[in-house]
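**Q** Got a structure for you, written out below as structure tokens; questions coming shortly.
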Amino acid sequence: MKNINIGNLELGKIPRVAGIIDGPVTETRLKSFVDRGVDMFEVRADLFNRPVDKVIDYIKKIRGAVPAPLIGTMRETDFNRADRIRWLVSLAGHVDCVDVELGVPGWREVVDGIGAAAVIMVSEHDFNATPDISGLNDIVKRSVDQGAEIVKIATMAREAGDVTRLLRFTEDCETPLVTMAMGDIGRISRVAAPLFGSLFTYGYLRKPVVPGQMSAVSLARAVKLFPKAPADASFFNEAPREFDFF
């Protein structure tokens, strides 16, 4: 899998953590998360439940003060349904990456509108199951056809085999990928997936947004246990090190 940047942050060499902003958080508070190892932030504009111009005003405020790239995400809600396509394009000029769901109506207008203004990440969420390898490959293919530079796949883990299948797929996939298995069984993937090639992992700043999500600070501590991907053989030859963990 090739490396890729979001803003000035290089992804793919070491595990990265994205903290989810689900409502206004002060610049000072966000800086404290950066100091504790959070690498970037996802602004969930849909959870603000405000017009996009108000969210953009907030983004402008934190962007100049917080040294971390921003991902803009807007899931469909009753509040934004009529304006979401236009609002997604508006977000692109103020963030480093825009998350666009796979197959969302009007996706071509969104992708064309974003252009080179931001990295395009196409996401697919399966809250019921984890597809087989063929199904996962199909998600990647359709996402790339939709203009994805990064593909994000979140699935529900019903058994341990779902997690191991998703991790193996992540390791073998050559397309820039972010993966996670949701639910209690899938919780380990929040730490493990970046070691198998997932470009980063998501954690909450205030409360979980989806089942099985961990705090961004806990994830930042956890991934420090594995500063290099296992594929780098030198990792196994280094002397054991001690880390503060949880």
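**Q** What distance in nm lies between label points placed 7 Å from Cα along the C-beta direction at V144 and F226?
**A** Once both label points are built, they end up 2.5 nm from each other.
**Q** Further question: Using DSSP to call loops (not H, G, I, E or B), can you name the GluC sites (Glu not before Pro) in the range 22-96 whose Cβ has at most 16 other Cβ atoms within 10 angstrom?
**A** Sparse-neighbourhood loop GluC sites (Glu not before Pro): E76.
**Q** Of the options G135, S90, A118, report the single residue whose Cα projects farthest towards the positive end of the charge dipole of the range 58-207 (beta-carbon charges: Lys, Arg +1; Asp, Glu -1).
**A** Final value for the positive-end residue is S90.
**Q** Where the only charges are on Cβ atoms (+1 Lys, Arg; -1 Asp, Glu), what is the dipole of the chain about its Cα centre, to the nearest 20 debye?
**A** With only Lys, Arg, Asp and Glu charged at Cβ, the dipole is about 680 debye.
**Q** Ordered by packing density, taken as the mean number of other Cβ atoms within 10 Å over each peptide's residues, highest first, how do 67-74, 100-107 rank?
**A** Taking the mean over residues of other Cβ atoms within 10 Å, the ranking is 67-74, 100-107.
**Q** Now, a different point. If I stretch the segment between F79 and D132 completely, what's the gain in nm (0.36 nm per residue apart, minus their alpha carbon distance), one decimal?
**A** Roughly 15.6 nm would be gained on extension.
**Q** For the chain, compute Rh as the Kirkwood radius over C-alpha pairs and then the Stokes-Einstein diffusion coefficient at 25 °C and 0.890 mPa s; write the answer in µm²/s, rounded to an integer.
**A** My calculation gives 135 µm²/s for D.
**Q** Which whole-number percent gives the relative contact order of the chain, counting Cα pairs below 8 Å spaced six or more residues apart?
**A** About 20 percent, as a whole number.
Throughout, read-outs are computed from the coordinates displayed, never taken from laboratory work. All values reported here derive from a predicted model rather than from experimental measurement. Here Cβ is always computed from backbone atoms with ideal geometry, including for glycine, and neighbour counts include all displayed protein chains.
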